[in-house]
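Undergrad: If you scroll down you'll find the structure; I have some questions about it.
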Amino acid sequence: MKGSVMSNKNIPGIHNFCDRWCERCPFTDRCAVYESEQELTEEEKDIRNQAFFDRLRENFAKAKVMLEEAAKSHGLDFNALDADVEEFGKKEEARRRAAEENIIAKLSDEYMKVAQQWLKTQPGMLAKLEKLKEEVGVGAQQTSEAKKQIETIRDSVAVIQWYSTFIYTKLIRALMGKAEDDIYESGIRDSDGSAKIALIGTERSMHAWTSLFELLPDQEDHFLNVLSLLERIRKNTLVQFPNAMNFVRPGFDEVKID
């Protein structure tokens with residue numbers, strides 16, 4: 001944080017149930033995570049840059065010092081804490097392995113691979129774009145329609161790319177939380193929130209693939225297979241998390257944007 005103070009208008013916990021697509025989020029001015037990340041340099045945000053790892057090491061070092069001081073002030077044995085952390089890590093790894101064997105994890109992993117492979121090749125997409133670009137300038141009506149289709153392609157590809165890994169990641173988090181029995185006094189489950197945003201990402205992805213299908217009917221078999229896979233993810237997730245869509249995400253499901 002580099003010493004700054006968070007805004008008191010931030011919505012607590014809003015970042016836990018978002019899709020991390022800050023460029024398209026209407027709540028960036030009320031998100032503590034977004035606010036803190038604005039203070040980072042481009043190098044510190046880039047995982048390919050050494051500055052990114054330097055920042056991580058600095059944060060871990062600070063966290064360790066804070067933990068040691070807290071343990072000392074409460075008369076706790078830090079070596080015992082290390083043992084607890086190790087035991088927690090083993091349990092966490094066991095939960096992750098179990099989650100990865102779940103049907104929705106396997107389906108979303110399959111979808112991730114299919115989507116990423118398609119994004120590498122985008123069969124028929126480049127030819128379609130070139131054809132649309134040629135139509136631009138032919139006539140006013142054709143120009144307008146061509147521009148609309150180009151924008152649809154760009155937006156659909158962006159959505160598919162963004163959520164291709166996101167759905168799997170959030171479903172793993174939901175499954176691990178459910179295994180941990182993450183129920184609060186209010187009866188709300190954190191895992192339902194993770195499942196909900198995964199479902200939202202799934203539905204948005206389905207819409208994006210459908211939009212492309214309408215523009216590239218010659219890719220019917222591929223698009224129908226992808227849509228079938230996403231629908232299986234959606235249905236199985238709803239079966240395992242029947243209360244997911246009732247989860248009220250901080251900000252997104254309770255604050256109206258003018």
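Undergrad: How far apart, in nm, are the 7 Å Cα→Cβ label points at ALA94 and ARG20?
TA: Calculated label separation equals 2.8 nm.
Undergrad: Right, something else. Using 7 Å Cα-to-Cβ label points, what is the ASP155/LEU119 separation (nm, one decimal)?
TA: 1.9 nm
Undergrad: Filter LYS120/LYS178; LYS62/LYS196; LYS106/LYS235 down to the pairs with a C-alpha to C-alpha distance above 23 Å, please.
TA: Beyond 23 Å: LYS120/LYS178; LYS62/LYS196.
Undergrad: If Lys and Arg each add +1 and Asp and Glu each add -1, what is the summed charge of the other residues whose beta carbon sits under 12 Å from the beta carbon of PHE166?
TA: Once all neighbours under 12 Å are counted, the net charge is +3.
Undergrad: Nearest 0.05, what FRET efficiency do GLU220 and ASP109 give at R0 = 30 Å with Cβ-Cβ as r?
TA: The computed FRET efficiency comes out at 0.75.
Undergrad: Using 0.36 nm per residue, how much length does the chain from LYS147 to VAL33 gain when fully extended, once their Cα-Cα distance is taken away?
TA: Difference between extended and current length: 37.5 nm.
Just so you know, all these numbers are worked out from the coordinates, no wet-lab data involved. Note that the structure is predicted; figures quoted are calculated from it, not measured. Cβ atoms come from the backbone with ideal geometry, glycine included; neighbour counts cover every protein chain shown.
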